[in-house]
């Protein structure tokens, strides 16, 4: 049984990798997803773990022979953003399996069950809801709403699950499972380069910035690009451009982050003025007041430009995650365990959402970050050095041994 | 045999119409295109015309029994932009058939042959080259280059033609056909509202503004939208937004037109900074010096913003059509014929490209415009009143009778 980090990592690496870009397209309930799920089950079984799929499609692997009480959960997700990197998500799952293999080889026997989770659609890459699996588990999204989310090809989550052999009618809060969990510790590649600046291989999460996604629908009027006078135009591309500019200015002014990464122009002909431009704003800030103020500023600039160009604007919040502070005593315990293992782990905030942030509302959660020298993430260039990945496994093994030990 | 304008119009109307938007998706060599081509052949045959498809896939219907000498050609195109209107293109062909039916019913017999053409892919909606059929006919595009153009699904023109039962190896300049043509008169819906302002149902074309299409490729770096510091970003959406803004400012300053109607962001995830943004600029101006100056100004603004944000920029001219002045004596002759028929037809310039503009390099060409009250074009809302369409038929019949008469 392959059980070193490097062996497990190389087994998972090929699934869902795009040959052209080198990026990953592991969207939930696709063939690439099924290949990753098969790998999860095969690996867990090889490690002597009991596998399970919860009613929301999240995978679990349990080390619970001889253990009792509520479980220490770890894990992350297997799905990717479009053309994402190999590490965001999978690193936490491969590290969990490698840590368990190492603990087992050392003769450790958990007093509490240890569970490894692979949450479904953390990235929202197919159905547009980030942390979909953990939101369903904790009841923070209505299962009827989730079933009716559509991918870009017009397939609903319900249909995609049915095609993958899952029953979408089972979706919804899973109080029994939550009651069985004592805490959740997620290991993740850092999505920034703070650890690199601090010279540390591993860090501990402090909390997650409040963040959300807003959809801007600019409604103009399709017209011939070669004949329509400027004065007669209602071109939605112009207020969209103003919104992009305003987002950058507002983010810089408030020490926050604002990004338009997705835009769709209709009908999308080079010789036609657009009838509509749809754009998505991703915004994050250290606190909720700052986030609200920044989004209001961007919305006001977009609205003023829309009026100037005779364009309609509808603005809708598609998702929002309040400030998450990870459990302070769990966090301090992790820092102490790592220090005892000889690792100085700095405590870091992050702007990225994670399943640990969603679960934090229901149980103590914590995060471990592994150094990302370039800071690049959501990109094929995302990378962590093998030695730092090994340090992550060492850290996670120490944490699991502490939390699930006698 | 249905032969009134209204009857012919209503027969063609259903093909390629999208039920959701009400717009047309008549792209060359698709099923919708085949349905339009069948309609053309059926209608021409019903009117006693001889039909023909030239080596470049342009359709022809000939009224040449008893006629001799070089032909008077008329017509337009059947293809549409994505979600275009019903009139842009088809109006010229339906009007030509209706004019011929009316002339025939009146006992007129042409001394010269009259030809009705339906040029392939005038809009460039599938393979990205406007006036593809007339460019091939006149040899202004290399047939090898044309065969290798790809649609958005990766299908080449060569393969699309083969799938439609046409031989792409035959593509290329057709000097025999050109030698048979005396002149070409294209009737088209006005793509602006100048005639409405002048209170005229029909106008005569003066010329076509020089115009072209430029592709902007902004190359940035994909990164996580929630964690990458503003200072570390290379976000290509920002210089794109600067280019959109610059285009509007430059066009307003030079009395010209500049439009970004098509933009593609990669990877296109709401929570990822784009790795690349591809955008297409459509630019038109009264003269070539003005056009060049405007495009240079937009390119300079885009380049400066790209440098500011650490983004690469490649700029490529995808097409260019120089200033077209329609044949002055043919134009004056049309104005005279219409005046004799009781119609005051103003002479108008246009920013829109047409097959008549391409053919103008090889034979005398002219255009008739039909009033468009809203000026809207390339949109499902494009419209001409039935009475104005009838006036267009009257005008075209008078012109054909004059040009092809004894």
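The values are calculated or read from the model by the stated rules, or taken from the named source; none is laboratory data. The model shown is predicted, which means the values in this text are computed figures rather than measured ones. Ideal geometry is used to build each Cβ from the backbone, glycine not excepted, and the neighbour counts take in all protein chains shown.
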Notebook entry, point to check: Here is a list of conditions, (1) touching a helix residue (DSSP H, G or I) at 6+ places or on another chain (Cβ under 7 Å); (2) within 14 Å of chain A (Cβ to nearest Cβ); (3) not in a strand (DSSP E or B), and residue B:161 meets all of them except one; can you say which number that is?
Noted result: (2)
Notebook entry, point to check: Given B:226, B:205, B:192, which one is part of a strand (DSSP E or B) and either surrounded by 21 or more Cβ atoms within 10 Å (Cβ to Cβ) or not assigned by TED's automatic domain parsing to the domain that holds residue B:357 (or both)?
Noted result: B:205
Checklist line | Members of the range A:364-383 found to be more than 8 Å from chain B (Cβ to nearest Cβ), within 16 Å of the chain's Cα centre (by Cα) and at pLDDT below 95, listed by number | finding: A:382
Next item on the list: Output the residues belonging to the range B:231-245 that are more than 7 Å from chain A (Cβ to nearest Cβ), at pLDDT 95 or above and assigned to a helix (DSSP H, G or I).
Entry: B:239, B:240, B:242, B:243
Next item on the list: Kindly establish whether residue B:21 is surrounded by 19 or more Cβ atoms within 10 Å (Cβ to Cβ), more than 17 Å from the chain's Cα centre (by Cα) and within 18 Å of residue B:125 (Cβ to Cβ).
Entry: no
Margin query: Just the residues that are over 20 Å from the mean Cα position of the chain (by Cα) and assigned to a strand (DSSP E or B), please, taken from the range A:169-189.
Written below: A:181, A:182
Check: Among the candidates B:94, B:81, which residue alone is in contact (Cβ under 8 Å) with a residue 24 or more places away in the chain, out of contact with any helix residue (DSSP H, G or I) (no Cβ under 6 Å at 6 or more places or on another chain) and either closer than 26 Å to residue B:393 by Cα or buried (at least 24 other Cβ atoms within 10 Å of the Cβ) (or both)?
Finding: B:81
Next item on the list: Hey, can you tell me all the residues within the range B:115-147 that are more than 16 Å from residue B:356 (Cα to Cα), touching a helix residue (DSSP H, G or I) at 6+ places or on another chain (Cβ under 9 Å) and either crowded, with 24+ Cβ neighbours inside 10 Å or touching a residue at least 60 places away in the same chain (Cβ under 8 Å) (or both)?
Entry: B:126, B:127
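Yes/no matrix, rows are residues, columns are (1) within 12 Å of chain A (Cβ to nearest Cβ); (2) crowded, with 18+ Cβ neighbours inside 10 Å; (3) in a helix (DSSP H, G or I); (4) out of contact with any strand residue (DSSP E or B) (no Cβ under 8 Å at 6 or more places or on another chain):
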residue: B:280; (1), (2), (3), (4): yes, yes, no, no
residue: B:286; (1), (2), (3), (4): no, no, no, no
residue: B:297; (1), (2), (3), (4): no, yes, yes, yes
residue: B:300; (1), (2), (3), (4): no, no, yes, yes
residue: B:304; (1), (2), (3), (4): no, no, yes, yes
residue: B:307; (1), (2), (3), (4): no, no, yes, yes
residue: B:316; (1), (2), (3), (4): no, no, no, no
residue: B:320; (1), (2), (3), (4): no, no, no, no
Checklist line | Subset of the range B:2-24 (residues that are free of Cβ contacts under 8 Å to residues at least 60 places away in the same chain and in contact with a helix residue (DSSP H, G or I) (Cβ under 7 Å, 6 or more places away or on another chain)) | finding: B:2, B:11, B:15
Note to self: Being within 19 Å of residue A:382 (Cα to Cα), touching a helix residue (DSSP H, G or I) at 6+ places or on another chain (Cβ under 8 Å) and either in contact (Cβ under 8 Å) with a residue 12 or more places away in the chain or surrounded by fewer than 24 Cβ atoms within 10 Å (Cβ to Cβ) (or both) is the requirement here; does residue A:110 meet it?
What the structure shows: no
Notebook entry, point to check: Which one of A:392, A:357, A:405 is more than 30 Å from residue A:233 (Cα to Cα) and out of contact with any helix residue (DSSP H, G or I) (no Cβ under 9 Å at 6 or more places or on another chain)?
Noted result: A:405
Check: Does any residue of the range B:215-228 turn out to be facing chain A (nearest Cβ under 7 Å) and either in contact with a helix residue (DSSP H, G or I) (Cβ under 6 Å, 6 or more places away or on another chain) or more than 30 Å from residue A:208 (Cα to Cα) (or both)?
Finding: no
Checklist line | Qualifying positions in the range B:1-18 - touching a strand residue (DSSP E or B) at 6+ places or on another chain (Cβ under 9 Å) and either part of a helix (DSSP H, G or I) or buried (at least 21 other Cβ atoms within 10 Å of the Cβ) (or both) | finding: B:16
